[in-house]
């Protein structure tokens, strides 16, 4: 994360080059990797989908395992990648 934040040049330029579909997930209260970073990440990737899980932290995929599994399956089933 530190290298990404200090990459120099135009902010987020490298992210804009990623055109394949990307699923970005996070909990609404992640203190290890602040949730706002997920908003920033997805906002600068042209084909990103963002899902924020309520009442969850860094382990949101475990805290909302059923929903996470459904979201990942739906994302992969789209087949546009």
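FYI, it's all coordinate maths here, none of it is from the lab. Everything numeric here is computed off the predicted structure, so don't read it as measured data.
Annotations
- Which label in [x] 1.16; [y] 1.22; [z] 1.44 gives the computed Cα Rg over 2.2 N^0.38 Å: [x]
- Per residue of the chain, the DSSP helices (runs of n ≥ 4 H) give a summed -39500 (n - 2.57) that works out to -10500 deg cm²/dmol at 222 nm.
- With contacts taken as Cα pairs under 8 Å and at least 6 residues apart, region 19-77 reaches a relative contact order of 40 percent.
- Within a Gaussian network of the chain (alpha carbon springs, distance under 10 Å), most fluctuating of 48, 13, 56: 13
- Taking the longest Cα principal axis of the chain as reference, the axis of helix 65-77 is set at about 60 degrees.
- Top of 11, 21, 34 by mean-square fluctuation, Gaussian network on the chain, Cα under 10 Å: 11
- Choice from 57, 27, 66 showing the highest fluctuation, given a GNM over the chain with Cα pairs closer than 10 Å: 66
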